[in-house]
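What follows is a short report on a single structure.
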Amino acid sequence: MVNAKMRQVQTLRSHAEMATSSLSGSPLKGSRNNHRMEDILAKILDMESEINADIDRLVKLKQDIITAIRVVENEDYTIFP
């Protein structure tokens, strides 16, 4: 899930680079490209926020699992194969 979102961010960054390199002196084209760039950057920021939230959730889950394992009294149940 996180890796897929990171790949999407990389793709969006590539699109942003292409949009930047295609800016021209024409006001109409430049304006349209600027809006496209804004859309791409907004998507990147949204995806990065989602990635950070996912990572935070997974770290919390890992901590909860470790805590649950530590409270098990029988050591046979706490050792992973």
Which whole-Hz ³J(HN,Hα) couplings does the range 8-16 yield from phi under the Karplus relation 6.51 cos²θ - 1.76 cosθ + 1.60, θ = phi - 60°, glycine and proline marked x?
5, 4, 4, 5, 4, 5, 5, 5, 5
In sequence order, calculated HN-Hα J values of the range 36-53 (Karplus, 6.51, -1.76, 1.60; Hz; x Gly/Pro):
4, 4, 4, 4, 5, 5, 4, 5, 4, 4, 4, 5, 5, 5, 4, 4, 4, 5
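Read-outs throughout are calculated quantities, based only on the coordinates presented, and are distinct from any laboratory measurement. The structure displayed is predicted, hence computed values, not measured ones.
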